[in-house]
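Trainee: Take a look at the following structure, please.
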Amino acid sequence: MGNAEEERALHEQRLGPVVRRRHQMRPETTDQRLLDTQGATHWVHEDPFRVMRIQSEFVEGFGTLAELGPAISVFGSARTPEGSPEYEAGVRIGRALVEAGFGVITGGGPGAMEAANRGATEAGGVSVGLGIELPYEQGLNPYVDIGVNFRYFFVRKTMFVKYAQGFVVLPGGLGTLDECFEALTLVQTKKVTRFPIVLFGSAYWKGLVDWLTHTLIAEGKASPHDLDLFHLTDDIDEVIDLVTKESGV
């Protein structure tokens with residue numbers, strides 16, 4: 001190495017694809033920083049690291065569900081008590097979906113979600129639970145055969161939509177409404193290929209449908225055709241007919 005090259009090396013640092021010179025040079029190497037157990041830990045709570053976590057959740061979700069086959073996402077309240085008519089309807093819907101050739105995807109929690117997973121498992125089908133990290137989370141219900149837990153709601157929502165041929169929405173609370181309107185918006189705006197969205201339980205959903213009709217649409221905030229984005233029924237056989245016919249399975 002000549003004198004000029006030696007002089008340049010003293011004032012130049014190569015860190016992988018990055019070149020640092022003069023006062024931008026760092027005293028340690030990349031490996032040294034990686035292997036050093038000392039130092040601040042605030043970086044694990046900063047946005048660049050969160051991006052890696054988000055990426056890992058997508059990779060795990062895609063990898064786990066890629067070979068799932070035809071499936072229907074079933075939503076409903078975690079507070080639906082076992083033995084109630086709504087719970088029993090969830091079990092019957094889960095079972096009927098499996099008998100029609102579908103796997104069942106839920107949020108993996110208790111209540112209506114557990115009911116649908118239970119029906120799917122008892123029928124010998126594929127029972128999937130997509131859990132979410134919450135302060136009061138109770139973990140995946142015992143009828144989930146394939147479970148994935150997520151930190152981020154938006155990653156979980158992607159999995160619900162990407163790997164389902166339709167949605168069945170049982171009576172539920174804010175989380176159920178969130179998923180329902182997310183699906184309706186995606187279909188309305190043609191962000192996804194149209195798929196069936198079935199609201200089960202006319203007595204429960206009637207008030208919402210009336211509000212959509214007599215307030216939202218009546219005031220021009222949505223089109224009358226938007227009511228065609230979903231179906232309302234109390235008949236489990238009709239649920240299966242609707243998701244089978246519109247999903248093409």
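The values are calculated or read from the model by the stated rules, or taken from the named source; none is laboratory data. Keep in mind it's a predicted model, so treat the numbers as computed, not measured. As a convention, Cβ positions derive from the backbone with ideal geometry for all residues, glycine included, and neighbour counts pool all protein chains shown. The protein model used for the area step is the full one, side chains on, heavy atoms only, and it has no ligands, DNA or RNA in it. Shrake-Rupley method; radii C 1.70, N 1.55, O 1.52, S 1.80 Å.
Trainee: Sort LYS206, LYS221 from largest to smallest accessible area, using a 1.4 Å probe on the heavy atoms of the protein chains.
Mentor: LYS221, LYS206
Trainee: In nm, to one decimal, how far is the modelled label at LEU68 from the one at ASP145, with both set 7 Å along Cα→Cβ?
Mentor: Taking the simple label geometry, LEU68 and ASP145 are separated by 1.4 nm.
Trainee: Out of LEU229, ILE240, ALA218, whose Cα points farthest toward the positive end of the dipole of the range 200-249 (charges: +1 Lys, Arg; -1 Asp, Glu; placed on Cβ)?
Mentor: ALA218
Trainee: Now a separate question. With a 1.4 Å probe and every protein chain kept in, tell me what percent of the accessible surface of the range 50-245 is carbon plus sulfur.
Mentor: Looking at the range 50-245 in its full context, I get 54 percent from C and S.
Trainee: Let me ask something else. Could you tell me which of rounded, prolate or oblate describes the range 79-118, using a ≥ b ≥ c as the square roots of the eigenvalues of the alpha-carbon gyration tensor, with rounded for a/c under 1.5 and, failing that, prolate when a/b is larger than b/c and oblate otherwise? Walk me through the intermediate numbers first.
Mentor: On the way: a/c = 3.62, a/b = 1.52, b/c = 2.39.
Cα axes put the range 79-118 in the oblate bin.
Trainee: Right, something else. Rounding to the nearest 20 debye, state how big the charge dipole of the range 105-240 is about its Cα centre with +1 on each Lys and Arg Cβ and -1 on each Asp and Glu Cβ. Don't jump to the answer; show the numbers that get you there.
Mentor: Values: 10 positive and 16 negative charges, 113 e Å.
Computed about the Cα centre, the dipole is about 540 debye.
Trainee: If I model a spin label as a point 7 Å beyond the Cα along the Cα-Cβ vector, how far apart are those points for ASP237 and ALA203 in nm?
Mentor: According to this spin-label approximation, the distance is 2.2 nm.
Trainee: Filter the cross-link list LYS191/LYS221; LYS157/LYS206; LYS157/LYS190; LYS162/LYS221 down to pairs whose alpha-carbon distance in this structure exceeds 21 Å.
Mentor: Table pairs above 21 Å Cα-Cα are LYS157/LYS206; LYS162/LYS221.
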